[in-house]
Amino acid sequence: MRFPWSRQRARDLEDEIQAHLAMATRDHIERGESPRDAAWNARREFGNEALVKEVTRAMWGWSSLERLAADVKYALRMLRRNPGFTLTAVLCLGLGIGATTATFGLADALLFRPLPVRDPARLVVVTSSTPENSSEGLSYRDLVHVRDHARSFVAVTAFQLASLTIARSPDEVPRRKMGMYVAGDFFGALGVVPVLGRGFAPYETITPGRDPVVVLSHEFWNSEFGAQRGVIGRHLRINGIPFEIIGVAPEDFAVVPSMRPAYFVPFTMRTRLWPAADRDPLEAREIRGLNVRARLAPSTGIAQASAEIESLGAALAESFPDTHSRHTLHVRTELGERVAQSPHVAVVSAALITLAFLVLLIACANVASLLLARARSRAREIAVRLSIGASAPRLFRQMLTESLVLSVLAAVVGVLFAFAAIAYLGSIRLPTDTPIVIPTQLDLRVLLFALGAAVLTALLAGAMPAWSSLRQAIAPALKAGDASTTGGRNRMFARQGLVVGQVALSVVLLVISGMLIDAFRRMLILDPGIRTTGVMMVELDPSLIRYTAGQTRQFYTTLVERARQLPGVEAAALSSAIPFRPNFSDEQVVPEGYDFPPGQTAAVVSSSIVDASYFSTMGVVLLQGRAFASTESRPVAIVNQEFVRRYWPGQEALGKQIRIGANQELVEVVGVARTGKYLSLAELPQPYLYLPFPQRHRSRMTLLVQTEADAVRMAGPILELVRSLDPNQPVYNVRDLQTYYEQGVLGIALTAMQVVWAMGLTALLLASFGLYGVISFSVARRRREIGIRMAIGADRSRIRRLFLKQGLSLAAMGTAVGIGLAIPAFRAASAGLAGLGTLSAWTLAIVPACLIAVALAAACIPAWHASRINPNVVLRLD
Amino acid sequence: MPPKREAYRDRIELLQGTLDLLILETLRWGSFHGYAIANSIRAGSGDLLDVETGSLYPALHRLEKKGWIRSEWALTENNQRAKYYTLAPAGKKQLAIQKSRWEAVSGAITTLLNRTTAEGGA
């Protein structure tokens, strides 16, 4: 390859030489020769023109870029000449790089990616902690205190999720949308400049209830206002109050990576938007709902800020012992906060990345072993090149370039794999109106990661073979050819060990994914504890249009009565929560007669408020006692079997009393329901508490309508009914239970299974490549021996069997080790996932059988090659 | 790197050094193109040293790369466009160094040869 500047120099040299020839010719003519003779003689005297140019060009030296280009060209030529090797190596590394890149992309989206704000590294999180909860927010008063007193920060802001109704005009039906309350100069503190209009001015975030101003998210501005620039100054009705639109946030702005709130309003408007609250969150120091972000002052470290904030927290605890005695304040990094908020995400990410790196490592080992096998056959070529003057560092660099080219090709393949995987992960929609997204994307960070992985891979896979082939080549290869195996035994043993390890790892992964499939199959036929078909669900919240408690109760009672009368409806019920959605409330309970361990005075149990027909409508079986009556004369509750097993083992539960909540209200147990699944199908049995409607109610309830007909067809009549009761009543999450269950509950389990399954298959594929490599290598090493065997009478099938046996024994060893590892690994996994059940003999039989079959197939090709060796050729060659 | 190659390279460098010295010395008298330098060395050495173009041009380009000589395109008296080389300041310094080194080496070799001849003849 030639570059422009060297092309210019080549032209210069050509001119220089032509000038030389012209002058020499002229001299010859002056000496009396004919022009033809003169030209010929000048040329003869000059010598080999091409050679002169060649050696002169060499004087310029090669720029390192030209050298790289030449190496790359040479590498590409070598790779083209060995398409089988190239394909295998590129696929191997591609799988490894793809797996790591995809998992990094996922982890990046969930954990690592910094916020899209100015200088995110200087932004820290302030939280309050109790011994039970390490990551609570701050109250508004505490936030103000920190903002006014902390000298470590140049800006302090906070946010809280809000779920309010919005309407563009007074006559539009309000819809619920998620947004954020924000405190102080939110955008200024984050260093985010609105793309349109402005952020909040200081005077707009001080006086409670005075400033109805709103900043829209870019997405919301796009979808609701068609991205009109004239939107500034117009009004958006939030919970019925007209808010002036003052700005539009930048695209993809997020302060919590997975949340895309539609609007931002000052926290000072909270009490006006939500007057039903019994204590004013602007005043009450025990309402700690604010997520605080602060920007460190220049030259202030996080440790310094931490120390200051901790002492501020201690001072607060002294001033307000009632509400702060158990709380301490802390400063964390954004990453630290994300890990603290969702430790399971961190654990899963770490596990997946570890797994993926293992896969990459296996891939590297494979390719290294392929390169080693090839290095042997190239030893002679290298020795010749060394002896005719190529320098060893130059050859080393060239061989490294070769593996670099390989791994860059593999990175391309890997990124394609990763792209498919990420597109798939991105397509998973969590079944809720809350705009939670997994912001996976193939951005620059992920691509850089892939490139880094490729370079690392090239070094890991390429350096050792290149070094070893040089060492081999320098001394004995010229003389001894391929036959010498001194020192090779250990390396061979190590490589066989590697293959055994690979097979074992893929056995572990396959057994676990086999178990998951098995568990999934059972999950499908498993009774989740509720009816999953023929039910339509609608969520409502009359408090959004300012219903009083009495009005709300009345509304729901009428609604469910009328719903029952709709044609085609079998049953209708109300519930404050539906299974598999974390929207039930946690209730503090003290079961009668239960002795808590020291230091604990109450238990926290998930609970929901349901009406009398909930149990029959949703098919929840009552094992003892009765369902709720439509009116109860005294406070009652229904518990599940697990509750009884845990708190009243071996006792009669009916008639027992429980103290509930902060005011210790006494309720009597009137029924025991069968334990179902509440949050995930894989969960362990959880205690659960049902409380009766209308004795209690919540403003946000779900209407469940059961029908024999297609449930989806009930959506129209139900909405019609709601409108007829109150045309302004907001309605959301209208969906049928079957779709919700299949997509939202089974879908997630299915995805988790697929990820592990894909890892298992990748490992299997790589293990078969590894096996192929090792057998190929062994064939290459033993060519002479094979030749001799054949010369003294071994037939081809015997030679084939020799290598098949080798492959088979390696696979068998790996499988045995893998099964040995899989059993404890499975035990560990099943401790956390109840759905896994027991090890099925079925999986334990299928996986090894598959592996052996794949191993045989992988060993077949080199074995066949071995059997095609011509003893005449091999024996003469050396 | 194998030791054999080191020795080989040393030999080349010695030869190159000699040619470099001759080129630098020639350019001390003005700027010349390659053809003129070759003629001048041949004529100046009484036709004893015939510089091959295969050595001359690499040497010129190498010296230019080192910054010891400079080049520019100009017309000869016969209106032929040619590349003229001129001694650069660094080249002048090098010339002095190489010249004294050459004198030392050749003096030493002469002494050595004379002694050997004397002993051998005794």
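The values are calculated or read from the model by the stated rules, or taken from the named source; none is laboratory data. The shown structure was predicted, so the numbers you read here are calculated from the model rather than taken from an experiment. Quick reminder, even Gly has a Cβ in these numbers, built from the backbone with ideal geometry, and neighbours come from all protein chains shown. These accessible areas exclude ligands, DNA and RNA; they are computed on the full protein's heavy atoms, side chains included. Shrake-Rupley method; radii C 1.70, N 1.55, O 1.52, S 1.80 Å.
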Check: Out of A:PRO321, A:PHE584, A:LEU21, whose Cα points farthest toward the positive end of the dipole of the protein assembly as shown (charges: +1 Lys, Arg; -1 Asp, Glu; placed on Cβ)?
Finding: A:LEU21
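Report the calculated FRET efficiency for A:GLN18 and A:LEU76 (r = Cβ-Cβ distance, R0 = 41 Å), to the nearest 0.05.
On the way: r = 35 Å, r/R0 = 0.85.
Efficiency at R0 = 41 Å is approximately 0.75.
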Item checked: Gap separating the Cα centres of segment A:224-245 and segment A:80-105, nearest whole Å -> 51 Å
Notebook entry, point to check: In whole Å, how far is the Cα centre of segment A:282-312 from that of segment A:633-670?
Noted result: 42 Å
Note to self: Can you give the local net charge around A:LEU559? Use residues other than it whose beta-carbon is closer than 13 angstrom to its beta-carbon, Lys and Arg +1, Asp and Glu -1.
What the structure shows: -2
Note to self: Give me the one-decimal nm value for the distance between modelled label points at A:ARG9 and A:ALA303, 7 Å along each residue's Cα-to-Cβ direction.
What the structure shows: 5.3 nm
Notebook entry, point to check: If you stretched the chain out fully between A:ALA812 and A:THR533, how much longer would it get, using 0.36 nm times the residue separation minus the C-alpha to C-alpha distance?
Noted result: 95.7 nm
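Subtracting the Cα-Cα distance from 0.36 nm times the residue separation, let me have the gained length for A:ALA58 to A:GLU244 in nm, one decimal. Provide the component values of the computation, followed by the final result.
Values: separation 186, 0.36 × 186 = 66.96 nm, distance 7.35 nm.
Extra length available between A:ALA58 and A:GLU244 comes to 59.6 nm.
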Notebook entry, point to check: Within the accessible area of chain A, what % is carbon and sulfur when the probe is 1.4 Å and the other protein chains stay in place?
Noted result: 60 percent
Next item on the list: Using the charge dipole of the protein assembly as shown (Lys, Arg: +1 at Cβ; Asp, Glu: -1 at Cβ; taken about the Cα centre), state which of A:VAL511, A:ILE353, B:TRP73 has its Cα farthest towards the positive end.
Entry: B:TRP73
Item checked: Residues A:GLU742 and A:LYS805, FRET efficiency given R0 of 56 Å [Cβ-Cβ distance, rounded to 0.05] -> 0.70
Next item on the list: Hey, could you grab the Kirkwood Rh for chain A? Inverse mean 1/r over distinct alpha carbon pairs, Å, one decimal.
Entry: 33.5 Å
Check: How large is ³J(HN,Hα), in whole Hz, for each residue of segment A:715-724 in order, when computed from phi with the Karplus curve 6.51 cos²θ - 1.76 cosθ + 1.60 and θ = phi - 60°, using x for Gly and Pro?
Finding: 4, x, x, 5, 4, 4, 4, 4, 4, 5
Check: Once the dipole of the protein assembly as shown is set up with Lys and Arg at +1 and Asp and Glu at -1 on Cβ about the Cα centre, which of B:LEU27, A:LEU460, A:GLY184 lies farthest towards its positive end?
Finding: B:LEU27
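Scan segment A:227-330 for GluC sites (Glu not before Pro) in coil per DSSP, keeping those whose Cβ has at most 16 other Cβ atoms within 10 Å, and list them by number.
Working: sites: A:GLU244, A:GLU251, A:GLU283, A:GLU286, A:GLU308, A:GLU310, A:GLU318; in loops: A:GLU251, A:GLU283, A:GLU286.
The qualifying sites are A:GLU251, A:GLU283, A:GLU286.
Work out the length of the dipole vector of the protein assembly as shown about its Cα centre, built from +1 on the beta-carbon of each Lys and Arg and -1 on the beta-carbon of each Asp and Glu, and round it to the nearest 20 debye. Intermediate results must be reported in sequence, preceding the final value.
Numbers: 108 positive and 83 negative charges, 816 e Å.
With only Lys, Arg, Asp and Glu charged at Cβ, the dipole is about 3920 debye.
May I ask you to compute the full-extension gain from A:ALA314 to A:LEU87, defined as 0.36 nm times their residue separation minus their alpha-carbon distance, rounded to one decimal in nm?
On the way: separation 227, 0.36 × 227 = 81.72 nm, distance 6.42 nm.
Contour length minus Cα-Cα distance gives 75.3 nm.
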Next item on the list: Quick one: compute the contact order of chain A, relative version, from alpha carbon pairs under 8 angstrom and 6+ residues apart, as a percent.
Entry: 15 percent
Item checked: Inter-site label distance for A:GLN651 and A:PHE596 at 7 Å from Cα along Cβ, in nm -> 1.6 nm
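Using DSSP to call loops (not H, G, I, E or B), can you name the GluC sites (Glu not before Pro) in segment A:108-210 whose Cβ has at most 12 other Cβ atoms within 10 angstrom?
Numbers: sites: A:GLU132, A:GLU136, A:GLU172, A:GLU204; in loops: A:GLU132, A:GLU172.
Here the GluC sites (Glu not before Pro) that fit, given the DSSP loop and packing criteria, are A:GLU132, A:GLU172.
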Check: If one computes the Cα centroid of segment A:547-614 and of segment B:31-80, what distance in Å separates the two points?
Finding: 101 Å
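Given the pairs A:LYS177/A:LYS677; B:LYS65/B:LYS93; A:LYS53/B:LYS83, which span a C-alpha to C-alpha distance of over 20 angstrom in this model? Provide the component values of the computation, followed by the final result.
Details: A:LYS177/A:LYS677 29 Å; B:LYS65/B:LYS93 16 Å; A:LYS53/B:LYS83 15 Å.
Violating the 20 Å limit, Cα to Cα: A:LYS177/A:LYS677.
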Notebook entry, point to check: Modelled label-to-label distance, B:SER31 and B:GLU103, 7 Å Cα→beta-carbon offset: nm?
Noted result: 3.0 nm
Note to self: What is the angle, in °, between the Cα long axis of helix A:444-474 and the longest principal axis of the Cα atoms in chain A? Nearest 10 is fine, range 0 to 90.
What the structure shows: 30 degrees
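Pop the C-beta distance of A:GLU561 and A:GLU286 into the FRET formula with R0 = 41 Å and round what comes out to the nearest 0.05. Present the calculation step by step, with values, prior to reporting the outcome.
Working: r = 39 Å, r/R0 = 0.96.
The calculated FRET efficiency here is 0.55.
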Next item on the list: Residues in segment A:154-195, backbone N under 18 Å from the label point at A:ARG229 (7 Å along the Cα-to-beta-carbon vector): list them, ranges by number please.
Entry: A:194-195
Notebook entry, point to check: Could you give the angle, 0 to 90 degrees to the nearest 10, between helix A:49-60's Cα long axis and the longest principal axis of the Cα atoms of chain A?
Noted result: 40 degrees
Item checked: Virtual paramagnetic centre 7 Å along Cα→Cβ of A:ARG279, amide N under 17 Å, in segment A:569-610 -> A:588
